[in-house]
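Some notes on the structure that comes next.
The values are calculated or read from the model by the stated rules, or taken from the named source; none is laboratory data. The model shown is predicted, which means the values in this text are computed figures rather than measured ones. Here the Cβ positions follow ideal geometry from the backbone for every residue, glycine too, while neighbour counts run over all protein chains shown.
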Amino acid sequence: MRAWARVGDGIDSLVERLFRWDKRMVATLSGNPALRRLSPLFLTATILGDGYIWGGLGLGLILFGRPIDRVNVLIGLAVSIVNVATFRFLKLVFARARPIPVEDALRSRLIDTYSFPSGHATTSFGLAWVAVTSYPHPLVGVGIYLLASLISFSRVFVREHYPLDVLFGAVLGSLIAAYIVPFLRWLTF
């Protein structure tokens, strides 16, 4: 039993160190003078990450794309629905408070109280996976993952998430998409 207690103490210690690192990184990144000059870019990215950029891309594909593009939009929508349901459930389970409370009245109505995992990162990386598997051109991959990364990083910069929230969300969204996309492609063809 003592061996298990030591393992448990080691895990507790690791988790505490991770949480301390997480808090330091939020302060370091959001307070960095070089990054502060890019504030308008990060604020724009965090707002567009609310779904506007992905919805706009999807609408463009629906209006101006081919039939396969419309199928890809439906696959992206399905992945997003599963991602949103999953991250919302996990937020309730973990109930991790955000780094700072959201005080903007409009913004506080748009986002939830909890931080872990980042919904922006989860949906952005899930949709990036869909885009890259649907349009396997290197420039599409680089562009879409840069966009997902910018949106995700902006969440830490504006102090609405910790880095671990974003990293976990990126992995979660990618894994969900990786499992769902082949199944959905099988259903549609």
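Summary of values
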{"read-out": "Selection status of F183, among the hydrophobic types (A, V, I, L, M, F, W, C) and touching a residue at least 24 places away in the same chain (Cβ under 8 Å)", "value": "no"}
{"read-out": "Set V132, V171, V142: member being assigned to a helix (DSSP H, G or I), more than 21 Å from L57 (Cα to Cα) and of a type in the set (V, I, T)", "value": "V171"}
{"read-out": "Hits in region 23-38 (condition: of a type in the set (S, T, N, Q) and touching a Phe, Trp or Tyr at 6+ places or on another chain (Cβ under 8 Å))", "value": "S30"}
{"read-out": "Unmet requirement for Y179, which otherwise passes all of (1) surrounded by 14 or more Cβ atoms within 10 Å (Cβ to Cβ); (2) over 21 Å from T46 (Cβ atoms); (3) of a type in the set (S, T, Y)", "value": "(1)"}
{"read-out": "Residue in region 137-177 that is farthest from P117 (Cα to Cα), counting only those that are hydroxyl-bearing (S, T, Y) and within 10 Å of the chain's Cα centre (by Cα)", "value": "S149"}
{"read-out": "Residue pairs meeting the criteria (Cβ under 6 Å; at least 6 apart or on separate chains; first under 28 Å from P117 (Cα atoms) and free of Cβ contacts under 8 Å to residues at least 24 places away in the same chain, in region 56-83; second among the aliphatic types (A, V, I, L, M) and surrounded by 15 or more Cβ atoms within 10 Å (Cβ to Cβ))", "value": "G58/V73; V73/L61"}
{"read-out": "Residue check for G60: more than 23 Å from L172 (Cβ to Cβ) and modelled with pLDDT of 90 or more", "value": "yes"}
